[in-house]
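Participant: Just passing along the structure, written as C-alpha cells.
A short reminder: the numbers here are calculations on the coordinates, not readings from a lab. This is a predicted model, so every value here is computed, not measured. No Cβ is skipped: glycine too gets one built from the backbone with ideal geometry, and neighbour counts run over all protein chains shown.
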Ligand code: 13P
Ligand code: SF4
C-alpha cells in the first residue's frame, strides 16, 4: 500500500456513517462520552460547527485550548476538535500516557501551510546574512510544530492573537528586529499598534525568496513579516465596512487582527476571538454588531445573544473550510475507534521537534 493509500484509508470515514441520521450519531456520541467519562477530553475551538460544539468539554480560542489541554492530566484520549496545528500543540503539552486525536486529518490550516520549514530555513539563512545576529523569530501559534521548533531553537517564541502585543514587545527587547511567521496581517497590525511605522516593516516572500520593503535604509527595519495570511479573515474588506457606515451606521464594526491593516484601521474595535466574544457579551442590550471573523462563531454569537443584532461583516462569507471538516461522522468514527481500542488519527510530534517547540511555547506561557 502506498503512503497516499494509507493516508486515504486511515482518514476516510467508513460508508456506514453516511446511512446514519444526525440523531443516531448524536445519541451514539453521548453514549460513548458517558462510557469513557474522564478518560476522554473533548476540547473544541470557537470556530467549530454547533453539531460538534454541543459535545465539547470546553470551548476556547487557541491560547485557552492550549492551556486547558496542558492542565488535563486524567484523560487518556484528547479528541481535539479544531485544526492540525492545535492538535500538535495539545500533543506537545500533554502527558506521556495521553493520545491526541484529530477526527479528520484533513482539518489543516491554510495559513499554517504557508510557512514550511524548508522555506523558513532558507529565509533565515538569507536574513541572517544581511542582518547578522540582530533578528529573532516569533511565530503565531497558527503554525506547524516544525516552525514553532525553529523559533524555539533560535531564541524565539510563539504568540497568539490574545498576547501578540506583549510578545512583540518582548521580542524587540531581545533583538533589534524580528521575523514574524506566518501571518503578515497579525504581525503588521500588532507592530503598527505598538507605534512601529510601516516603513520600518518589510515582507519576506517565501515563493520569490525575497525581502520586499519601501524604506531606503534596510538598517531601519524592525519587523519582517512572513507573506502568509488567513484565507477566511482576508475576505473582509474596507468596502464592506464603508457599506455599513453608509447604510447601517448604527452597527459597531469589530474584527479579528488576522484581517488586513486597512480593515482593522477602519473598524471600531479589533481583537482576538476571545476579545470579540467578551466585547459582544458585555455590550448593551439592543446594540448592533457587524463581526469580521469566522462564520460559525458569528452565527453562534447571534443565537447566544438574541437581545443584540449580530451579523457577519461579509454576508457572503464561508466558514473556515478546514475547521468544518470535523463533523458528526468524523467525531463519532474517532470515538468508536477509541472504544474498539484501535484509536485512529493520532497526532504525534517527534521528540526533537517537541523539545524545541516547547521552548518557544514556554517563553510565551
Ligand atoms: P484565535 O483562536 O487565537 O483567535 O485564532 C483565530 C484562528 O484563526 C484560529 O484558527
Ligand atoms: Fe487557519 Fe484561518 Fe481557518 Fe484559523 S480561520 S484555521 S487561521 S484558515
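Participant: What's the Cα-based Rg to Rh of the stretch 126-243, Rh via Kirkwood?
Facilitator: Rg/Rh: 0.96.
Participant: Can you pull the percent of Cα pairs in the chain with separation above 31 Å?
Facilitator: 38
Participant: Now a separate question. Compute the Cα gyration tensor for the stretch 26-98, then decide on rounded, prolate or oblate, letting a ≥ b ≥ c be the square roots of its eigenvalues: rounded whenever a/c is under 1.5, prolate when a/b is larger than b/c in the other cases, and oblate in all that remain. Write down the numbers at each step before the final one.
Facilitator: Values: a/c = 2.13, a/b = 1.16, b/c = 1.84.
Judged from the Cα gyration tensor, the stretch 26-98 comes out oblate (a/c at least 1.5, b/c at or above a/b).
Participant: Using the C-alpha gyration tensor of the stretch 198-279, what are the square roots of 5 times its eigenvalues, in whole angstrom, with the largest one first?
Facilitator: Computed over the stretch 198-279, the values are 30, 14, 13 Å.
Participant: Also: How big is the antiparallel share of DSSP beta bridges in the chain, given as a percent to the nearest 5? Walk me through the intermediate numbers first.
Facilitator: Working: 4 of 39 bridges.
Of all bridge pairs located within the chain, approximately 10 percent are antiparallel.
Participant: Another question, if that's okay. Which three extents, in angstrom, do the Cα atoms of the stretch 318-365 have along their principal axes, listed largest first?
Facilitator: Sorted largest first, the three principal extents are 37, 36, 16 Å.
Participant: Mind pulling up the Rg/Rh value for the stretch 77-198? Radius of gyration and Kirkwood radius, both on Cα.
Facilitator: 1.00
Participant: To continue, here is another question. Can you give the calculated 222 nm mean residue ellipticity of the chain, where each DSSP H run of n ≥ 4 adds -39,500 (n - 2.57) and the sum is split over every residue, rounded to the nearest 500 deg cm²/dmol?
Facilitator: Per the formula, -12500 deg cm²/dmol.
Participant: Could you work out how far the C-alpha centroid of the stretch 116-181 sits from that of the stretch 21-40, in angstrom?
Facilitator: Going from one Cα centre to the other spans 41 Å.
Participant: Still on this structure, please answer the following. What percent do you get for the relative contact order of the stretch 234-279 when only Cα pairs under 8 Å and 6+ apart count? Please list the in-between numbers first.
Facilitator: Values: 46 pairs, mean separation 16.9, N = 46.
For the stretch 234-279, the relative contact order is 37 percent.
Participant: Please state the shape class of the stretch 265-365: rounded when a/c is under 1.5, otherwise prolate if a/b exceeds b/c and oblate if not, all from the C-alpha gyration tensor.
Facilitator: Oblate, since a/c reaches 1.5 and b/c is not below a/b.
Participant: Any idea how far the Cα center of the stretch 205-248 sits from the one of the stretch 292-365, in Å?
Facilitator: Rounded to whole Å, the Cα centres lie 25 Å apart.
Participant: Next question, about the same structure. Restricting to the stretch 173-313, compute how many DSSP beta bridges are antiparallel as a %, nearest 5. Write out the running numbers ahead of the final one.
Facilitator: Details: 3 of 21 bridges.
Once the DSSP bridges in the stretch 173-313 are tallied, antiparallel ones form about 15 percent.
Participant: Relative to 2.2 N^0.38 Å, what does the C-alpha radius of gyration of the stretch 80-137 come to as a ratio? Two decimals please.
Facilitator: Normalised by 2.2 N^0.38 Å, the Cα Rg of the stretch 80-137 equals 1.55.
Participant: While we're here: Please order 59, 128, 89 by the number of other Cβ within 10 Å, starting at the fewest.
Facilitator: Fewest-to-most Cβ neighbours within 10 Å comes out as 128, 59, 89.
Participant: Fully extended, how many nm does the chain gain between residue 129 and residue 242 (0.36 nm per residue separation, minus their Cα-Cα distance)?
Facilitator: 36.3 nm
Participant: Suppose the chain between residue 73 and residue 208 were pulled fully straight at 0.36 nm per residue; how much longer would it get relative to their current alpha carbon spacing?
Facilitator: 44.1 nm
Participant: Now, a different point. Going by the alpha-carbon gyration tensor, a ≥ b ≥ c the square roots of its eigenvalues, is the stretch 136-186 rounded (a/c under 1.5) or, if a/c is not under 1.5, prolate (a/b greater than b/c) versus oblate?
Facilitator: Working: a/c = 1.71, a/b = 1.11, b/c = 1.55.
Note, shape of the stretch 136-186 comes out oblate.
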